[in-house]
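**Student:** My questions will all concern the structure given below.
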Amino acid sequence: MLWNDEMDSELRDLFSKGLSYTQIASVMNRKFQTVLTRNATIGRSHRLNLQGTRTEERPRSRKHISTEPKPVRAKRPPMIKAEFIVPVCVEVPVKPRHITLQELSESVCKYPYGDEPPYTFCGHPSKTGKPYCSPHWNVTNPPRS
């Protein structure tokens, strides 16, 4: 936004009348068909070194100082340190059939075997509606205590 001499003189005039920067911006926007903001008028007034340049002062709210004592908060119980359960390799009493991915079906156990390709799967009949046979289901879903 380029300020011209007419706008500068209008800013000086409105400033001397004691209008707030928001009001100055509003008046100037109507008069010059501009879109000046409050911050634009503040910045321009600083650059013009207008005497008594001020920011819009709002009355400070005073904190209410209570004479009543603050309520005492209940202390939290001490934090309980969580113990990490390290997974243990469990020997399952099932001899896997080692079927391939292509041989998997809905009714066979999908418990994986192998650390590197080709991976194989258990292949024993699975529990109804479950992905694993009973021994592998018990390994992957231990009872909650």
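**Student:** Go through region 1-23 and give me each residue that's more than 39 Å from the chain's Cα centre (by Cα), over 16 Å from residue 51 (Cα atoms) and surrounded by 14 or more Cβ atoms within 10 Å (Cβ to Cβ). Spell out the reasoning first.
**Tutor:** If we filter region 1-23 for residues that are more than 39 Å from the chain's Cα centre (by Cα), which is where we start, we get 2-19.
Filter once more, keeping what is over 16 Å from residue 51 (Cα atoms): 2-7.
Once the filter is applied, which keeps residues that are more than 39 Å from the chain's Cα centre (by Cα), over 16 Å from residue 51 (Cα atoms) and surrounded by 14 or more Cβ atoms within 10 Å (Cβ to Cβ), region 1-23 yields 3, 7.
**Student:** On to the next question. Can you tell me which of 108, 90, 86 is modelled with pLDDT of 85 or more and of a type in the set (A, V, I, L, M)?
**Tutor:** The unique qualifying residue is 108.
**Student:** For region 104-145, how many residues are of a type in the set (Phe, Trp, Tyr) and part of a loop (DSSP other than H, G, I, E, B)?
**Tutor:** Residues of region 104-145 that are of a type in the set (Phe, Trp, Tyr), as a first pass: 111, 113, 119, 121, 132, 137.
Now restrict to residues that are part of a loop (DSSP other than H, G, I, E, B): 111, 119, 132.
Matching residues across region 104-145 total 3.
**Student:** Going by what's in this entry, would residue 60 be described as modelled with pLDDT under 80, in a loop (DSSP other than H, G, I, E, B) and surrounded by 11 or more Cβ atoms within 10 Å (Cβ to Cβ)?
**Tutor:** On the way: modelled with pLDDT under 80: yes; in a loop (DSSP other than H, G, I, E, B): yes; surrounded by 11 or more Cβ atoms within 10 Å (Cβ to Cβ): no.
No: the conditions fail for residue 60.
Here's the yes/no breakdown for (1) in contact with a Lys or Arg (Cβ under 8 Å, 6 or more places away or on another chain); (2) at pLDDT below 80; (3) loosely packed, with under 11 Cβ neighbours inside 10 Å:
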| position | (1), (2), (3) |
| --- | --- |
| 33 | no, no, yes |
| 36 | no, no, no |
| 48 | yes, no, no |
| 51 | no, yes, yes |
| 65 | no, yes, yes |
| 73 | no, no, yes |
| 115 | no, no, yes |
| 123 | yes, no, no |
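**Student:** Would you tally the residues in region 87-145 being in contact (Cβ under 8 Å) with a residue 24 or more places away in the chain and on the phi > 0 side of the Ramachandran plot?
**Tutor:** Count: 2.
The values are calculated or read from the model by the stated rules, or taken from the named source; none is laboratory data. Quick caveat: nothing in here was measured; it's all calculated off a predicted structure. Here Cβ is always computed from backbone atoms with ideal geometry, including for glycine, and neighbour counts include all displayed protein chains.
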